[in-house]
Amino acid sequence: MSSAEVSRARRGGSVPRILCAGIIVLDEVFRVEEFPQADGKVQANGYFVVNGGCAANAAVAIARLGGRAALAGPMGGPEGEDDNGDRVLRALKREAVDCTFCQRIGGLATALSAIFMNARGDRTIVTYRDERIAATVPADAEAVVANADAVLADNRYPAFVEPICALAHARGLPVVLDGDRPTVVDDPLFRLASHVVFSAECLRETTGIVDLAAALKRIARETGAFLAVSNGPDDILYLEGGAPRRLPVFKVAAVDTLGAGDAFHGGIALALAEGRSEVEAMRFGSAVAGIKCSRLGGSAGAPTRAEVEAFLAKKRIAATPS
């Protein structure tokens, strides 16, 4: 029995508690027909504000899917003096995300993103974050990890998430790393994770290798973790016994890809904590992301468990050799 299963058994078999650790952002989203050109202006035909950031979006997705989502990450503060952070936390609490370990830093502002989304659902993102927030470490990493059945961490704030991942790794918990920020091939987070799921852009920039299968094999020299890479509407690529395999994603009419990758990672982490295989978890995550892409609203478009199960009942995809 794994540590996660032992932890759940002690709570009477309750649904798994997934700790999401990393970046928390307030997203301001502008809908445009086309992205502005250099020195140009465009008129937005829509605008909304939503909580964002890899970890925060994944926590919302997990909560919508019926998991017990907790969120840990550095933010501006204190309450009442950082409007961005206050707004984000109110929205997260409405989603039943446990924000106990959202660590507020006095005198600083929570990260803010300006996002332009075109008529095809593609997006361009500009994020501002204070580097003092990025350098923050958890005040009590032991307490953060204590009740987790699994950890999902993004690598946007490595100083904050590394102690959390190290403790979870030591306990034998599943540690899913969202490889979102380009880094180095021997990043210590790769060795602390049980599963590393990259974006194609991150994997290519990290390794300097364009071919995704070759890039995964390069990372495999540094870690024994399960390795995979998502590539937008193209197949998921992963390694099995050192050999690349492909898992097709679900085809949808995308209207908003914002937060889809985070929903994908959230679905994977929850499915793994529930005891599913890696392929089953990625298929589940792909369904979560696909439904989210079909809806406007960033993380607010994350689906419920019932919606995902109904979607999967109508679809069949299988893994194939690369």
* **Cα shape, the range 119-241, gyration tensor, a/c 1.5 rule** => oblate
* Segments 37-44, 123-130, 284-291, 297-304 sorted - mean Cβ within 10 Å per residue, highest first -> 284-291, 297-304, 123-130, 37-44
* Determine the dipole magnitude for the chain: charges of +1 sit on the beta-carbon of Lys and Arg, -1 on that of Asp and Glu, nothing else is charged, the reference point is the Cα centre, and the result goes in debye to the nearest 20. => 1020
* Asked: Tell me, what ³J(HN,Hα) does each residue in the range 245-255 have, in order and in whole Hz, if you take phi through Karplus 6.51 cos²θ - 1.76 cosθ + 1.60 with θ = phi - 60° and put x for Gly and Pro?
  -> 10, 10, 10, x, 9, 7, 7, 9, 7, 6, 10
* Structure fact -> Semi-axes of the range 45-123 from the Cα gyration tensor (sqrt of 5 times each eigenvalue, largest first, whole Å) come to 22, 18, 10
* Asked: For Lys41, which aspartates and glutamates qualify as cross-link partners when the Cα separation must be under 14 Å and same-chain residues fewer than eight apart are set aside?
  -> Glu33
* **Where no second cysteine Cβ lies under 4.7 Å, the cysteines concerned in the chain** => Cys20, Cys54, Cys165, Cys202, Cys293
* To do: Mind checking which of Val97, Gln37, Thr136 is farthest towards the positive end of the chain's charge dipole, using Cβ charges of +1 (Lys, Arg) and -1 (Asp, Glu) about the Cα centre?
  => Val97
* Asked: Which whole-Hz couplings ³J(HN,Hα) result when phi for each residue of the range 149-155 is put into the Karplus expression 6.51 cos²θ - 1.76 cosθ + 1.60, θ = phi - 60°, listed in order with x for Gly and Pro?
  -> 9, 7, 10, 10, 10, 9, 9
* Within a Cβ distance under 11 Å of Thr206, other residues only, what is the Lys/Arg minus Asp/Glu net charge? -> -3
* Asked: HN-Hα J couplings of the range 118-133 from phi, Karplus 6.51/-1.76/1.60, θ = phi - 60°, integer Hz, Gly and Pro as x?
  -> 8, 5, 8, x, 6, 9, 10, 10, 10, 10, 10, 9, 6, 5, 5, 5
* Can you list the aspartates and glutamates whose alpha carbon sits under 20 Å from that of Lys251, skipping same-chain ones fewer than 8 residues off? -> Asp122, Asp234, Asp235, Asp262, Glu280, Glu307, Glu309
* Asked: So which residue, out of Leu296, Leu203, Leu192, gets the largest mean-square fluctuation from a GNM of the chain using Cα contacts under 10 Å as springs?
  -> Leu296
* Residues with amide H under 5 Å from that of Glu222, placed H, sequence gap 5 or more -> none
* To do: Give the percent of DSSP beta bridges with both residues in the chain that are antiparallel, rounded to the nearest 5.
  => 40
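Readers should treat all values here as calculations from the given coordinates under stated rules, not as data from a laboratory. Small disclaimer: the values here were computed from a predicted structure and weren't measured. Virtual Cβ from ideal backbone geometry, glycine too; neighbours counted across all protein chains shown.
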